[in-house]
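Okay, here's the structure, questions in a sec.
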Amino acid sequence: MGETVPAATVDRGGLRLARDRAFISALVATAVPVTLQALMSTSRTMVDTVLVARLGTDEIAAIGYGSRVVFVVMLATLGMADGGAVIIAQFRGSGAMARARRATALTTAITLGIAAVSCTACLLWAEPMVAVATEDPRVVDLGSQYIRAVIGMIMPFAVISSLAAALRCVGQARVAASCALVGVVLHLLLAYALIFGHWGLSAYGVRGAAWATLASTCVEALLLAGYVYLTRNVMAFRLRDIVDGVKDGILTKIRRVGVPVSLSSTSWALGILAYSILVGRAGTMELAVLSMVNPLESFAIAVFIGVSTAAGVMVGGSLGERDPERTWNLSKALLVWTAGIALITGLLLMSAYFWLPVLYDGVGPATLDVARDTALVLGAVFVFRAMNITVQNGLLRAGGDTLFVLRVDLLTQWALAVPLTALMTLVWDVPFPLVFLAINAEEIARFFISGIRVLRRRWMRVLID
């Protein structure tokens, strides 16, 4: 399979392995398609933000905050899918493909359940969710319209997340990336038409952006599911696989790993939402700046989602083969690559200082100046975030160390970064770039705590029978 590294290669030290062609090929085979898929998914937010920015500051603030609410739900769903992928990868590494398929079936069922509950909650309580962040009635109205119109996409997104995670574990990451490409192109066309009213359609503004996201996500899910079942893929599960998976004890394994991952992802996303609420309380301009910077950050994170996913697949497969020395060498090589890519990405983010005015030419000069300074801070601290993504989402979760990740996330975010951000926005009234630095204080603290955990190698555990 594409992500498997020959044993003779992995027996080398981590630094030598990082330069080995077989290792690089295995990394690229999974990381590049996943990165492309993540970039294409993220581009929906970027497209919506850039297009809506031409409508005004209220609109960009509303869609930025509304996207954060949806982001919480997406991460809860994606976290469960990633947790299930840990079990799928280890079953694949041990050669138990029937059990891997059952794990895929159970993961899909659970993610759909989470999505259904979350969708209902957002439909019922959209206004209070937005009103907690701003007292501006226009932003509350626009934000609640966006949430209600877009939240239906979480159901097809659950299907995409589960099937894409399973296909990555069997070396078929390109399939999901290809389907995502179709979804992105469709979204771009629909957003342009529905936001501004082109090609004979009415101009729906913020709601048009939401409908474009909903329609394109549904099409992407249909394409991915169609491929899996029409080609009779090894991961094409039936309802019987859900029953057999429960009898086989696989549900317990997924719950043991997936629930902490989902809770960790949800907790982190709620923290991100808390930052948006605090920034929104500081003013509509500050909320608009955060909405302008978030797509840049999301694009950069997408690169490391690919690297961390490849790390999880490669390390999970190695753990399933029960070879701890190979696993450790793989981990060191993956960290070397992460550090190199992170430095380059950080510099590119800092360069946004020069080209942000071109991207957001409809935004006022005062808001643009603050956004440019914030981009410099983003580039400076992003190295810490990139390393954390690979360490926590790739290595520690592959070894089932999900409770540790959950505890670290809760500690660094809710005991450090959220209180510090609250002080800076509600008490001290400091410039927004410093507020953004406080938001990222959690990444700096998490880097050192998780790094020590990796070096001690206690996380390398086999989770399957």
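Considering only residues that are closer than 25 Å to Ala26 by Cα and touching an Asp or Glu at 6+ places or on another chain (Cβ under 9 Å), which ones fall in region 149-169?
Those that are closer than 25 Å to Ala26 by Cα and touching an Asp or Glu at 6+ places or on another chain (Cβ under 9 Å): Ile160, Ser161, Ala165, Arg168, Cys169.
Further, regarding this structure: Any residue that is in contact with an Asp or Glu (Cβ under 6 Å, 6 or more places away or on another chain), buried (at least 23 other Cβ atoms within 10 Å of the Cβ), of a type in the set (A, V, I, L, M, F, W, C) and farther than 22 Å from Thr111 by Cβ - is there at least one of those in region 207-214?
Among the residues of region 207-214, at least one is in contact with an Asp or Glu (Cβ under 6 Å, 6 or more places away or on another chain), buried (at least 23 other Cβ atoms within 10 Å of the Cβ), of a type in the set (A, V, I, L, M, F, W, C) and farther than 22 Å from Thr111 by Cβ, which makes the answer yes.
Looking at region 222-235 only, could you name the residues that are assigned to a helix (DSSP H, G or I) and either farther than 20 Å from Ile110 by Cα or touching a helix residue (DSSP H, G or I) at 6+ places or on another chain (Cβ under 9 Å) (or both)?
Within region 222-235, Leu222, Leu223, Leu224, Ala225, Gly226, Tyr227, Val228, Leu230 meet the criteria.
So, in region 191-200, of the ones that are surrounded by fewer than 21 Cβ atoms within 10 Å (Cβ to Cβ) and either under 18 Å from the mean Cα position of the chain (by Cα) or at pLDDT 85 or above (or both), which residue ends up farthest from Val72 (Cα to Cα)?
Result: Ala193.
Another question about this same structure. Could you say which residue among Phe447, Phe404, Phe436 is out of contact with any Asp or Glu (no Cβ under 8 Å at 6 or more places or on another chain), under 30 Å from Ala96 (Cα atoms) and in contact (Cβ under 8 Å) with a residue 24 or more places away in the chain?
Phe404
Listed here are the residues, each with its yes/no results for (1) touching a residue at least 12 places away in the same chain (Cβ under 8 Å); (2) in a helix (DSSP H, G or I).
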{"position": "Phe237", "(1), (2)": "yes, no"}
{"position": "Val243", "(1), (2)": "no, yes"}
{"position": "Lys253", "(1), (2)": "yes, yes"}
{"position": "Pro260", "(1), (2)": "yes, yes"}
{"position": "Leu290", "(1), (2)": "yes, yes"}
{"position": "Val315", "(1), (2)": "yes, yes"}
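Wholly within region 93-167, which helices (runs of 4 or more DSSP H) include no fewer than the required count, namely at least 3 residues that are in contact (Cβ under 8 Å) with a residue 40 or more places away in the chain, of a type in the set (Ser, Thr, Tyr) and crowded, with 24+ Cβ neighbours inside 10 Å?
97-124
Another question, if that's okay. Identify the single condition in (1) in contact (Cβ under 8 Å) with a residue 40 or more places away in the chain; (2) over 30 Å from Leu51 (Cβ atoms); (3) not charged (D, E, K, R) that Phe382 does not satisfy, given that it satisfies every other one.
(2)
Output the number of residues of region 232-284 satisfying the condition of being under 16 Å from Ala103 (Cα atoms) and in contact with an Asp or Glu (Cβ under 6 Å, 6 or more places away or on another chain).
Final tally of qualifying residues: 1.
Looking at this structure, is Leu273 in contact with a helix residue (DSSP H, G or I) (Cβ under 7 Å, 6 or more places away or on another chain), at pLDDT 80 or above and surrounded by fewer than 24 Cβ atoms within 10 Å (Cβ to Cβ)?
no
Give the residues of region 1-28 that are out of contact with any helix residue (DSSP H, G or I) (no Cβ under 7 Å at 6 or more places or on another chain) and modelled with pLDDT of 70 or more, sorted by residue number.
Arg16, Arg19, Arg21, Ile24, Ser25, Val28
Next question, about the same structure. Which of the residues that make up region 168-221 are aromatic (Phe, Trp, Tyr) and not in a helix (DSSP H, G or I)?
Result: Trp199, Tyr204.
Now for a separate question. Quickly run through region 436-464 and pick out the residues that are modelled with pLDDT of 90 or more and of a type in the set (Phe, Trp, Tyr).
The answer is Phe447, Phe448.
Being among the β-branched types (Val, Ile, Thr) and crowded, with 24+ Cβ neighbours inside 10 Å is the filter; apply it to region 377-420 and report the residue that is farthest from the chain's Cα centre (by Cα).
Restricting to residues being among the β-branched types (Val, Ile, Thr) and crowded, with 24+ Cβ neighbours inside 10 Å, the top hit is Thr412.
Would you pick out the residues in region 51-92 that are surrounded by fewer than 23 Cβ atoms within 10 Å (Cβ to Cβ), among the small types (Gly, Ala, Ser) and out of contact with any Ser or Thr (no Cβ under 9 Å at 6 or more places or on another chain)?
Within region 51-92, Gly56 is the sole residue that qualifies.
Identify, by number, the condition in (1) modelled with pLDDT of 85 or more; (2) in contact with a Pro (Cβ under 9 Å, 6 or more places away or on another chain); (3) under 18 Å from Ala29 (Cα atoms); (4) polar (S, T, N, Q) that Thr390 doesn't meet.
It is condition (2) that Thr390 fails.
If I ask for residues that are small (Gly, Ala, Ser) and at pLDDT 85 or above, which ones from region 120-137 would you list?
Matches in region 120-137: Ala121 only.
The values are calculated or read from the model by the stated rules, or taken from the named source; none is laboratory data. Just so it is clear, the structure is predicted and the values come from calculations on it, not from any experiment. All Cβ positions, glycine included, derive from the backbone under ideal geometry; neighbour counts span all protein chains shown.
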